[in-house]
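Shown next, in structure tokens, is the structure this report addresses.
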Amino acid sequence: MIDRSRAVYTQQNNVVGTLNVLFAIKEFREQCHLVKLGTMGEYGTPNIDIEEGYITITHNGRTDTLPYPKQASSFYHLSKVHDSHNIAFTCKAWGIRATDLNQGVVYGVRTDETALHEELYNRFDYDGIFGTALNRFCVQAAVGHPLTVYGKGGQTRGFLDIRDTVQCVELAIANPAKPGEFRVFNQFTEQFSVNQLANLVTKAGEKLGLDVKTIHVPNPRVEAEEHYYNCKNTKLVDLGLKPHFLSDSLLDSLLNFAVQYKDRVDTKQIMPSVSWKKIGVKTKTVTT
């Protein structure tokens with residue numbers, strides 16, 4: 001959502017890249033199982049429950065099970081919608097087997113493997129472009145920056161621990177779709193609003209002696225700031241997912257991690273610098 005060139009690159013990279021993978025499967029390994037890491041952002045925030053990929057509706061006396069309507073919220077999310085449509089078509093037309101993991105917002109930094117050594121730690125995004133809400137709030141609390149709640153803060157999404165991301169992908173691979181089947185799993189474990197996350201981080205920070213404040217900043221995105229949100233997420237649990245729920249101990253761990261490495265934080269990257277309404281043709285330089 002930075003500018004035209006990034007929007008074009010994102011769509012080209014995701015849509016064309018996925019098409020190339022689909023043609024490669026058809027040409028060289030039709031029996032393999034494609035697992036696509038998608039996003040809950042494909043659905044948007046409808047005023048009805050969000051099902052896992054499909055919805056059964058009755059219209060004018062006739063009933064059918066159809067793909068759940070997509071109301072993607074950015075050019076990135078739209079690219080993932082296009083990917084889903086292309087994969088679903090090739091499952092029907094070519095008999096490809098595929099699983100679409102519509103993932104929620106990921107938080108955390110450690111998996112069992114990366115915890116083995118400090119040099120295995122992955123990046124921890126906290127900036128206004130790639131940083132996700134909970135990770136951003138933990139970094140902001142660690143460096144003494146007010147928590148930046150966009151708009152009213154009622155935006156609600158599905159969230160999951162990064163360890164559950166790994167677990168969900170593993171479960172999908174271990175339990176492949178049938179030939180010609182396009183499965184959709186909603187990959188998240190809990191739902192939170194932005195305000196709820198800010199309150200949780202504030203309380204956890206106080207226990208560690210941090211003086212955590214919250215500010216409401218103008219929302220750089222185009223999204224509903226107060227809305228209904230209720231998503232189904234039973235299919236991965238049925239396959240054996242054992243969720244790591246957001247606990248006080250996990251929040252303490254996240255905050256301690258942020259405090260430990262707070263000298264690496266570039267505070268100039270914290271405030272949002274990209275406006276979705278002001279996106280234009282001219283290439284925008286994002287300073288680092």
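The values are calculated or read from the model by the stated rules, or taken from the named source; none is laboratory data. Predicted, not measured: the structure shown is a model, and the values here were computed from it. All Cβ positions, even for glycine, are placed from backbone atoms using ideal geometry, and neighbour counts span all protein chains on display. Keep in mind that these areas ignore ligands, DNA and RNA; they rest on the heavy atoms of the full protein, side chains included. Shrake-Rupley method; radii C 1.70, N 1.55, O 1.52, S 1.80 Å.
The set of residues in the range 110-128 being touching a Ser or Thr at 6+ places or on another chain (Cβ under 9 Å) and among the aliphatic types (A, V, I, L, M) consists of Leu120 alone. Checked across the range 105-118, the condition of being surrounded by 15 or more Cβ atoms within 10 Å (Cβ to Cβ), of a type in the set (A, V, I, L, M, F, W, C) and part of a strand (DSSP E or B) holds for at least one residue. In the set Leu236, Leu241, only one residue is under 20 Å from the mean Cα position of the chain (by Cα) and part of a helix (DSSP H, G or I); that residue is Leu236. Under the condition of being within 25 Å of Glu51 (Cβ to Cβ) and of a type outside the set (A, V, I, L, M, F, W, C), which residue from the range 192-220 is nearest to the chain's Cα centre (by Cα)? Taking the candidates together, the pick is Ser193. Given the condition within 27 Å of Gly158 (Cβ to Cβ) and of a type in the set (Val, Ile, Thr), answer yes or no: does some residue in the range 22-34 qualify? No: zero hits. Kindly establish whether Gln31 is free of Cβ contacts under 8 Å to residues at least 12 places away in the same chain and of a type in the set (S, T, N, Q). Judged against the criteria, Gln31 is not a match. Taken residue by residue, the range 25-41 has at least one member that is among the basic types (Lys, Arg) and surrounded by fewer than 18 Cβ atoms within 10 Å (Cβ to Cβ). Per the listing Asn175, Asn219, Asn233, the residue uniquely over 19 Å from Gly108 (Cβ atoms), crowded, with 17+ Cβ neighbours inside 10 Å, at pLDDT 95 or above and among the polar types (S, T, N, Q) is Asn219.
Screening the candidates Glu225, Glu190 for the property of being touching a residue at least 40 places away in the same chain (Cβ under 8 Å), among the acidic types (Asp, Glu) and more than 16 Å from Leu246 (Cβ to Cβ) yields one hit, Glu225.
Among residues of the range 132-154 being assigned to a loop (DSSP other than H, G, I, E, B) and open to solvent by 10 Å² or more (accessible area, probe 1.4 Å), the one that is farthest from Pro220 (Cα to Cα) is Gly144.
Would you check if there is a residue in the range 209-232 being of a type outside the set (Val, Ile, Thr) and in a helix (DSSP H, G or I)? No, that holds for no residue. The C-beta contact set for the range 145-156 (first residue basic (Lys, Arg), second residue at pLDDT 95 or above, distance under 7 angstrom, 6+ apart or interchain) comprises Lys152/Glu225; Lys152/Glu226.
With the structure loaded, tell me whether Gly158 is closer than 29 Å to Leu236 by Cβ and either modelled with pLDDT under 95 or not hydrophobic (A, V, I, L, M, F, W, C) (or both) or whether it fails that test. The answer is yes for Gly158. Here Thr90, Thr10 are screened, and the one residue that is open to solvent by 30 Å² or more (accessible area, probe 1.4 Å), touching a helix residue (DSSP H, G or I) at 6+ places or on another chain (Cβ under 6 Å), in contact (Cβ under 8 Å) with a residue 24 or more places away in the chain and in a helix (DSSP H, G or I) is Thr10. Can Thr165 be described as β-branched (Val, Ile, Thr), within 27 Å of Phe89 (Cα to Cα), modelled with pLDDT of 95 or more and open to solvent by less than 40 Å² (accessible area, probe 1.4 Å)? So Thr165 passes the test.
The listed residues are Leu160, Leu171, and the only one of them that is in a helix (DSSP H, G or I) and touching a residue at least 60 places away in the same chain (Cβ under 8 Å) turns out to be Leu171.
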